[in-house]
1. Going through the stretch 497-513 one residue at a time, which ones are open to solvent by 10 Å² or more (accessible area, probe 1.4 Å), under 23 Å from the mean Cα position of the chain (by Cα) and of a type in the set (Val, Ile, Thr)?
2. Mind checking whether some residue in the stretch 621-643 is more than 30 Å from residue 329 (Cβ to Cβ) and either charged (D, E, K, R) or buried (at least 21 other Cβ atoms within 10 Å of the Cβ) (or both)?
3. Name every residue in the stretch 144-173 that is modelled with pLDDT under 90 and open to solvent by 10 Å² or more (accessible area, probe 1.4 Å), in order of residue number.
4. Go through 28, 86 for me and flag whichever is within 25 Å of residue 254 (Cα to Cα) and aliphatic (A, V, I, L, M).
5. Please work out which one of (1) open to solvent by 20 Å² or more (accessible area, probe 1.4 Å); (2) modelled with pLDDT of 95 or more is the condition residue 484 fails and give its number.
6. Can you list residue pairs whose Cβ atoms sit under 8 Å apart, with the first residue in the stretch 375-402 being farther than 22 Å from residue 364 by Cβ and of a type in the set (Gly, Ala, Ser) and the second being open to solvent by 10 Å² or more (accessible area, probe 1.4 Å) and not in a loop (DSSP other than H, G, I, E, B)? Count only pairs 6 or more apart in sequence or on different chains.
7. Picking from 463, 537, which residue would you name as being under 15 Å from residue 426 (Cα atoms) and of a type in the set (Gly, Ala, Ser)?
8. Can you tell me how many residues within the stretch 555-571 are loosely packed, with under 15 Cβ neighbours inside 10 Å, in contact (Cβ under 8 Å) with a residue 12 or more places away in the chain and hydrophobic (A, V, I, L, M, F, W, C)?
Amino acid sequence: YFFQGYQGMVDGGDNIVEVSWESVSSILQVGGTVIGSARCKSFRTREGRLQAAYNLVQRGITNLCVIGGDGSLTGANLFREEWSGLLEELAQKGKIDEEAVKKYAYLNIVGMVGSIDNDFCGTDMTIGTDSALHRIIEVVDAIMTTAQSHQRTFVLEVMGRHCGYLALVSALACGADWVFIPEYPPEEGWEDSMCVKLSENRARKKRLNIIIVAEGAIDCHNKPITSEKVKDLVVQRLGFDTRVTILGHVQRGGTPSAFDRILASRMGVEAVLALLEATPATPACVVSLSGNQAVRLPLMECVQMTQEVQKAMDEGRFVEAVRLRGRSFENNLNTYKLLSHKKPDAELPKTNFNVAVLNVGAPAAGMNAAVRAAVRVGITEGHKMFAVIDGFEGFARGKIKEISWGDVGGWTGQGGSILGTKRTLPAKYLEKIADQMRTNNINALMVIGGFEAYLGLLELSAAREKYDEFCVPMVMVPATVSNNVPGSDFSIGADTALNTITDTCDRIKQSASGTKRRVFIIETMGGYCGYLANMGALAAGADAAYIFEEQFDIRELQANVEHLTEKMKTSIQRGLVLRNENCNENYTTDFIYQLYSEEGKGVFDCRKNVLGHMQQGGAPSPFDRNFGTKISAKAMQWISKKLKETYRKGKVFANTDDSVCLLGMRRRNLVFQPVAELKTETDFVHRIPKEQWWLKLRPLMKILAKYKTSYDVSDSGQLEHVAMHSPKEAETGAI
């Protein structure tokens, strides 16, 4: 690799280093970049690029993987276009011979976008964005507690000179009162609207106001809106005690989140595959993520579109700028607008429909964000919203009450389930639940929960023949740390649990680095689903992960012990092994611990750690807040649509399969799937889907732990063009 980016490539010498397996060990959990990065003026000149080309040819390098923002990637593309000319010039100057010109005739380039701003068109998430959101949300959560104590207004300035992604998503994730971003300046007279909103919130007994400002925020005349300006306005107009917090470089620091580690690992594989398949005829590409699908996009198409956004903003075409940012950005903005401002009652439609929301299963971080979104979207759509306490059991006992817009304020950042949640299934309470549905005139149900929620909806839809009360639209939003619900790649709560596992593994690895020659065996939750163990192992850089989905025997355990014994001879004298709680009834955590202790005698010693219920707790991660908010808002809009479709002769009557759906993230899109159709995809005995997307990432974890195995490339991204989406598309799919 090159130390100090392009500067190292131009300077050559010790800056270009051949990398060994061990030299990149233990950097997974380190923030920033261990190989350094630098803005390089000389690479912008032809002389600089000529010197860089010479240094590459000297070492026989013709494949480059560039990790950076649009500037770095544009530079890489120019370098590739000039390559043959640069070699010829070097040959003319006698620095290289004709043989070298022929041998190294082509330079292949692949880009990975590393930028905390998430300002690169064509990719849903750039490497580093999620970690930056973690830093921002940690600060907001800390501020919330101090501001709750004193009635205060906080103005938070976050990074984003040209892109409002961080400001927008953090506003969505903490339920901010107001947000200023460059792509969507406030309308004329925003000063009055904002002050009215802040004073209304105070009147509703909300002790805290949070305003988030992107550093590049502007008004509709392209004049900057600074955090100081916003503060002065609030103080002058309202006299509120107001503080400004500028987060600055805190956002770039800290250890990478689980999402970023997995994203970067997946993109790293994609980059290598893209380089292996590259030919002189293929354009330089970037590898990126669309939903949960890896894609390859022509680098210059992405760069041009990114520049188009800036041009649209400069020319005051703000609607266009938002659309060019992509469907994910547009979806975030629409959801924020929907949830942050309550229309006056007189302006709200009145549908006379009553919709109930309940949590089912074990607690999962992000459930409360989902309830908040459901309640607020429901009220905006004109429905009366009801909250059911303690799941189906509470429903049967009549623990149901109307819930208002203000009741769910501040719920986004709360862990666990405020409504209360139980694993009880509805089958034994059908009559009582039907009574409650009738008494409260409930016309639709929204269930936020895990596998029990899915089973519960199957039971309710089967009971429709006997009880007309269940002939109403019902939708499920998956929320469980286990991520074991069929029909969805992700469930609310899994990302938070994954971060807990990763943080704990980091600490454990740190303790082991002091003692040397130590192997830790860590047990994770998940029932029979190995998602947490497998992805936790990938994010923490573990040596092995035992899961139920991939049967293992004593020979494999023996091979793992031998592998660790070999590892102890190197400079990396520690091991980490994850085990899913139900991966094998006989090879228990104790058994594996005892086996490793016995077989490793004299070479390494062992410790074990059962993580337990800490995986269900904690404040939700930015991903879970955002995912929970958006998926729930979409589910509520589906309910409204179904209510209109099934309302006949003064009554809602829905008895078809497509009126009981699960809303899941499938590869690139959010899809409503009838629960009846998901039955064939489900292993009901072990409570897992029959096919799980993340099993394809299993070989990646083994390869990174230095096992020889084959990697299935059939799922790797194919080169496609950057699509301009229609405004309609923003509503359909993206997360």
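The values are calculated or read from the model by the stated rules, or taken from the named source; none is laboratory data. Note that the structure is a prediction, hence the values are computed from the model and not measured. For neighbour counting, all protein chains shown are included, and Cβ atoms are generated from backbone atoms with ideal geometry for every residue, glycine included. Surface areas here come from the heavy atoms of the whole protein model, side chains and all, with no ligands, DNA or RNA. Shrake-Rupley method; radii C 1.70, N 1.55, O 1.52, S 1.80 Å.
1. 500, 504
2. no
3. Scanning the stretch 144-173 gives 144, 145, 146, 148, 149, 150, 151, 152, 161, 162.
4. Exactly one residue qualifies, and that residue is 28.
5. Residue 484 satisfies every listed condition except (1).
6. Partner pairs satisfying both residue conditions: 396/429; 396/432; 396/436; 398/436; 398/439.
7. So the residue among 463, 537 that is under 15 Å from residue 426 (Cα atoms) and of a type in the set (Gly, Ala, Ser) is 463.
8. Summing the residues that are loosely packed, with under 15 Cβ neighbours inside 10 Å, in contact (Cβ under 8 Å) with a residue 12 or more places away in the chain and hydrophobic (A, V, I, L, M, F, W, C) in the stretch 555-571 gives 0.
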